[in-house]
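Before any comments, here is the structure.
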Amino acid sequence: TTFQDGGEEVEDGAVYNVTLKKVQIQQAANKGARWLGGEGDQLPPEHTVRQYETSKIRAIKAGTLEKLVENLLTAFGDADFSYISIFLATYRAFASPRAVLELLLDRFGNMETSSHGQVANLNSLESEMVLRAEIASVLRAWLDQCSEDFREPPDYMCLLKLLDYLKNNMPNSDMESRVQNLLKQFQNQEVEAVDGFCSTSSSDLVDGEELEISNPEEFSSFQDHVVAEQLTYMDVMLFRRVVPYHCLGSIWSQRDKKENKNLAPTVRATITQFNAVTKCVISTILGTRELKIQQRAKIIEKWIHIAHECRILKNFSSLRAIISALQSNSIYRLKTTWMCVSKDILVMYEELSEIFSDHDNYLTSRELLMKEATSKFANLDSSEKENQKKSQKRLQLQKNRGVMQGTVPYLGTFLTDLIMLDTALQDYVEGGLINFEKRRREFEVIAQIKLLQSSCNSYCLIPDQKFIQWFRRQRHLTEEESYKLSREAEAAADTNILSPKSQKSMVKRISTLFLGTDVFTPPKEQPPKSSPVGGSSGESTDSASVSSCEFNHSETEDVCVTPVSSPEDPLKKVQLRPLHAAGRPKTLAQGSYSDKGSGSSKGSIFDPGLGSDSGSIPTRESVSVPSSALKVLPVYNQQSGGSCIIRVSMDGLHASVYKSILITNQDRIPDVTQRALLKHNLEPDSVEDYELVQVISEDKELVFPRDANVFYGMNSHVNFDFILRKKA
């Protein structure tokens, strides 16, 4: 089979990409060979005759909503077999279920007024049956793949409209029975709250229970593999419930608006769980002041073992949450405690941390996820022989039991990729047509989420109510509390427990492990500044991606762990600190659970060129994206093809609360300022009142003149981090 580009076809309200597909349909012996009794598949090429068939594949590239809906009925005829799935997975970015259903049923489903191209003149029963069959096929796929689209309590207008159509046009059909059952199911259910078992709010506790700081003895009583299995159980339950379209950049990036506080609840639930695990790790290590150094080190070792068990279970979400907590500022700065952690476990910790290295847009974690997405077991390797033996022993035990594992991904990676796509590609093209090529790119990411959700059905985990209740009861420390306790623990440490010589050797070993150098540079010990953002709940304003914990948060989703230093800083891979409503990390993280704190952890499993960001629809339509930028999407911290992505935060808010903005070599200060204000949900009319500043270092910044070209005027040798500041 060979393919050839057939160019474009333009119709009224639609543009199609055409591909010519040449397929060999027959190979037979030529006349002379047939006379000799030869068979085509047993003869050399010169004695055979091949017959080919060329077919045309039309894939819609852009169109009006009406044309996109009409294409649902003609896609199979055009050999665009994936179109229906792509449309259903992404249409919420540009239309509502009601608008699509009305077009499908009222315009194309009405036998008298239908203008469907293939059956424009419905003079025969056969033509009518063809159209009904096409509509039934689309409706069946819609119910199979996206039944949640019809959950609209309390009226269920779309479901009732669909039921009315089926009664009139397909009475007593299986489809009618199915819709009736779905309506009853929705009506009998309360509005689905996202998983109560993993919530850490006091309202979920049994009467009489109170939040408490973890008792080290109680925590130690849980076996490492039990903790990992229970965390995986909770993660699996939440990840399987994620509605894929909630992850779309155009939807997720709108979560900070007041009217959207309930937007994408299934994604928010996974963020809440991720942050709960991170806070639990920090609380168990720092919550008890009376702990001795060795006891605190043992708790750190236990969490590293639990992280390793999560790796065996292929739970990359809790694995990353634990590693992020151990890399947070309040834990990382416990130098004396880390000195008491055994060498083998430090090596294990280093190897687990390397999985989430931000090198080359998190290439290691992406490759590992692609490799293990549908494998039955984890593929473990360790440079430490003892660790390798333990890992193989645990894996062998699983194999002997015949227990297969699914894969729980770090959702932030997908959020980051989708927000990056949303930022880099326009929603509409020339003529106001919906850019469906953008939706095809987004579907590549959505398809991976669906595949991993399917793999989670392989898990066979039983909830342990004792652990789940313990996990619920944990009182989480604020960033200020954890930092204060960290300083107290370090100050109380007996620095004489190690001789100066051994202490120096230990410091060198830790610095080599963490930094890859022989110079140990601890984080600055300045208490984090409180910088509440957003509404009364103090949620972060633009944390919307996933990398360490940079999801967008609200209320309980107010903790994100992100690297504290710049991409070039060797401390970046270990200095991650939690984001709270009360305090945010010093710098941005490249891909984390937040569109604010990290922009949004993006970088797709398939598009390694993506960085992190939080895209927003209204600002991109005025951006002209060069064709070269569409071939290689613009990324953060790199100018390519006349475009790049910068991160803009508002003066007075923490740098982790930022918005990612696509700029080109044509953009000047007023354009960029206006888009930044829109993304931060501020009035764009006040452009004259602001100045744009690039952060060069802690004590240096670049202030742009009024009409400067941002692309050419910026310093491309430092992070592309900007501040929008009100003029004095």
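The values are calculated or read from the model by the stated rules, or taken from the named source; none is laboratory data. Computed from a predicted structure; not experimentally measured. We place every Cβ from the backbone using ideal geometry, glycine too, and count neighbours over all the protein chains shown. SASA here: full protein model, heavy atoms, side chains in, ligands and nucleic acids out. Shrake-Rupley method; radii C 1.70, N 1.55, O 1.52, S 1.80 Å.
Of all residue pairs spaced 6 or more apart or on separate chains, none has beta-carbon atoms under 7 Å together with a first member in segment 330-347 that is more than 19 Å from Thr278 (Cα to Cα) and outside the structural domain of Lys302 (by the TED database) and a second member that is assigned to a helix (DSSP H, G or I) and at pLDDT 95 or above.
Could you grab me the full set of residues in segment 671-697 that are modelled with pLDDT of 85 or more and open to solvent by 40 Å² or more (accessible area, probe 1.4 Å)? Passing the criteria: Asp671, Gln674, Leu678, Glu688, Asp689, Glu691, Val695, Ile696, Ser697. Return yes or no: is Glu209 open to solvent by 50 Å² or more (accessible area, probe 1.4 Å) and modelled with pLDDT under 85? Yes; evaluated as a whole, the condition is true for this residue. Can you tell me which residues in segment 91-105 are assigned to a helix (DSSP H, G or I), open to solvent by 40 Å² or more (accessible area, probe 1.4 Å) and out of contact with any Lys or Arg (no Cβ under 9 Å at 6 or more places or on another chain)? If the condition is that a residue be assigned to a helix (DSSP H, G or I), open to solvent by 40 Å² or more (accessible area, probe 1.4 Å) and out of contact with any Lys or Arg (no Cβ under 9 Å at 6 or more places or on another chain), then Arg92 is the only one that fits. Here Thr284, Thr288, Thr270, Thr278 are screened, and the one residue that is open to solvent by 20 Å² or more (accessible area, probe 1.4 Å) and of a type in the set (Val, Ile, Thr) is Thr288. In segment 401-424, is there at least one residue being farther than 30 Å from Gln145 by Cβ, open to solvent by 30 Å² or more (accessible area, probe 1.4 Å), at pLDDT below 90 and aliphatic (A, V, I, L, M)? Checking segment 401-424: not a single residue is farther than 30 Å from Gln145 by Cβ, open to solvent by 30 Å² or more (accessible area, probe 1.4 Å), at pLDDT below 90 and aliphatic (A, V, I, L, M). Within segment 146-170, residues that are among the basic types (Lys, Arg) have Cβ atoms under 7 Å from residues that are at pLDDT below 90 in these pairs: Arg151/Phe186, counting only partners at least 6 apart in sequence or on another chain.
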